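Student: The structure is given below, and queries will be raised subsequently.
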Amino acid sequence: ETGVTQSPTHLIKTRGQQVTLRCSSQSGHNTVSWYQQALGQGPQFIFQYYREEENGRGNFPPRFSGLQFPNYSSELNVNALELDDSALYLCASSSNRGRGYTFGSGTRLTVV
Amino acid sequence: GIQVEQSPPDLILQEGANSTLRCNFSDSVNNLQWFHQNPWGQLINLFYIPSGTKQNGRLSATTVATERYSLLYISSSQTTDSGVYFCAVGGTGANNLFFGTGTRLTVIP
């Protein structure tokens, strides 16, 4: 079975720009979650998508938005980038069979 | 949200030594996972263990849900075990994981 794949692996953006990160879920998984991991910290939950709708959100502003597609892949969009948005962004997929989450390798975003 | 505390924050071991990492959490959980984050950032799932004991090679884990803690045992450590180990939990009805701040393990040859 294929795992969770994310693209791009690295990205450098300028403050104020917009960015789109992509994630393909593991085969058989219908739920996608996004996490932000700042340097030296544990990952923080951004939001989750199930059946193409947002299914829970962490403490992140509305300029963080997402999409899920019929094939369960997902996008994370961040508008008006700030320096503090520099982080590793992790995508995780899961099924409704309760066997936990599988994470991708992440996208490392640097905002300058 | 659920508070997750991991200890110790840092651990340095000689290759071949054994270690125990601890995770305490503040509420009932229906999901608990141990992850190893490699130097490239990927979170590798080690165990899905909301309760009970599991073993996988040199690694084993035990979760005592009623006492709100989990332990990860690493035996005969190798340099490739180095990295950050995270415990993450999900509450009943929750759709996300709460992560601890991790234990940074360094195994020296």
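Student: When the residues of region A:20-50 are filtered to those that are aromatic (F, W, Y) and under 18 Å from A:L88 (Cβ atoms), which remaining residue is nearest to the other protein chains (Cβ to nearest Cβ)?
Tutor: A:F45
Student: For residues in region A:93-112 being touching a Leu at 6+ places or on another chain (Cβ under 8 Å) and within 14 Å of another protein chain (Cβ to nearest Cβ), which is farthest from A:Q41 (Cα to Cα)?
Tutor: Checking each candidate, the answer is A:Y101.
Student: Within region B:21-31, which residues are within 13 Å of chain A (Cβ to nearest Cβ) and at pLDDT below 95?
Tutor: Hits for region B:21-31 are B:V29, B:N30, B:N31.
Student: I've got another one for you. Name every residue in region B:60-109 that is polar (S, T, N, Q), in a strand (DSSP E or B) and within 25 Å of A:L90 (Cα to Cα), in order of residue number.
Tutor: B:S70, B:T103, B:T106
Student: Sticking with this structure for a sec: Can you confirm whether region B:50-65 contains a residue that is crowded, with 16+ Cβ neighbours inside 10 Å, more than 9 Å from every other protein chain (Cβ to nearest Cβ) and touching a Cys at 6+ places or on another chain (Cβ under 9 Å)?
Tutor: Here is the first cut: in region B:50-65, the residues crowded, with 16+ Cβ neighbours inside 10 Å are B:50, B:59-63, B:65.
Keeping just the survivors that are more than 9 Å from every other protein chain (Cβ to nearest Cβ) gives B:59-63, B:65.
From the residues that got through so far, the ones that are touching a Cys at 6+ places or on another chain (Cβ under 9 Å) too are B:63.
Yes, there is a match, as at least one residue in region B:50-65 is crowded, with 16+ Cβ neighbours inside 10 Å, more than 9 Å from every other protein chain (Cβ to nearest Cβ) and touching a Cys at 6+ places or on another chain (Cβ under 9 Å).
Student: Quick check on this structure: which one of A:E53, A:E82 is of a type in the set (D, E) and without any contact (Cβ under 8 Å) to a residue 40 or more places away in the chain?
Tutor: Just a single option satisfies the conditions, and that option is A:E53.
Student: Continuing with this model, one more query. Across region B:24-46, what is the total count of residues that are assigned to a strand (DSSP E or B), of a type in the set (S, T, N, Q) and more than 30 Å from A:S7 (Cβ to Cβ)?
Tutor: First, pick out the residues of region B:24-46 that are assigned to a strand (DSSP E or B): B:24-25, B:29-37, B:43-46.
Now restrict to residues that are of a type in the set (S, T, N, Q): B:24, B:30-31, B:33, B:37, B:45.
So of that shortlist, the ones also more than 30 Å from A:S7 (Cβ to Cβ) come out as B:24, B:30.
Matching residues across region B:24-46 total 2.
Student: In region B:32-46, which residues are in contact (Cβ under 8 Å) with a residue 60 or more places away in the chain and within 7 Å of chain A (Cβ to nearest Cβ)?
Tutor: If we filter region B:32-46 for residues that are in contact (Cβ under 8 Å) with a residue 60 or more places away in the chain, which is where we start, we get B:33, B:37.
Within region B:32-46, B:Q33 is the sole residue that qualifies.
Student: Condition test on B:T106, is it within 14 Å of chain A (Cβ to nearest Cβ), surrounded by fewer than 17 Cβ atoms within 10 Å (Cβ to Cβ) and in contact (Cβ under 8 Å) with a residue 60 or more places away in the chain?
Tutor: So B:T106 does not fit the description; no.
Student: Can B:G90 be described as of a type outside the set (A, V, I, L, M), over 13 Å from the mean Cα position of the chain (by Cα), surrounded by 20 or more Cβ atoms within 10 Å (Cβ to Cβ) and within 27 Å of A:E54 (Cα to Cα)?
Tutor: Yes; evaluated as a whole, the condition is true for this residue.
Student: Here is a list: A:E75, A:E53, A:E82. Which entry is surrounded by 12 or more Cβ atoms within 10 Å (Cβ to Cβ) and either within 11 Å of chain B (Cβ to nearest Cβ) or farther than 19 Å from A:G104 by Cβ (or both)?
Tutor: Details: A:E75 fails: either within 11 Å of chain B (Cβ to nearest Cβ) or farther than 19 Å from A:G104 by Cβ (or both); A:E53 fails: surrounded by 12 or more Cβ atoms within 10 Å (Cβ to Cβ).
So the residue among A:E75, A:E53, A:E82 that is surrounded by 12 or more Cβ atoms within 10 Å (Cβ to Cβ) and either within 11 Å of chain B (Cβ to nearest Cβ) or farther than 19 Å from A:G104 by Cβ (or both) is A:E82.
The values are calculated or read from the model by the stated rules, or taken from the named source; none is laboratory data. Just so we're clear, the structure is a prediction, and the values are computed from it rather than from any experiment. We place every Cβ from the backbone using ideal geometry, glycine too, and count neighbours over all the protein chains shown.
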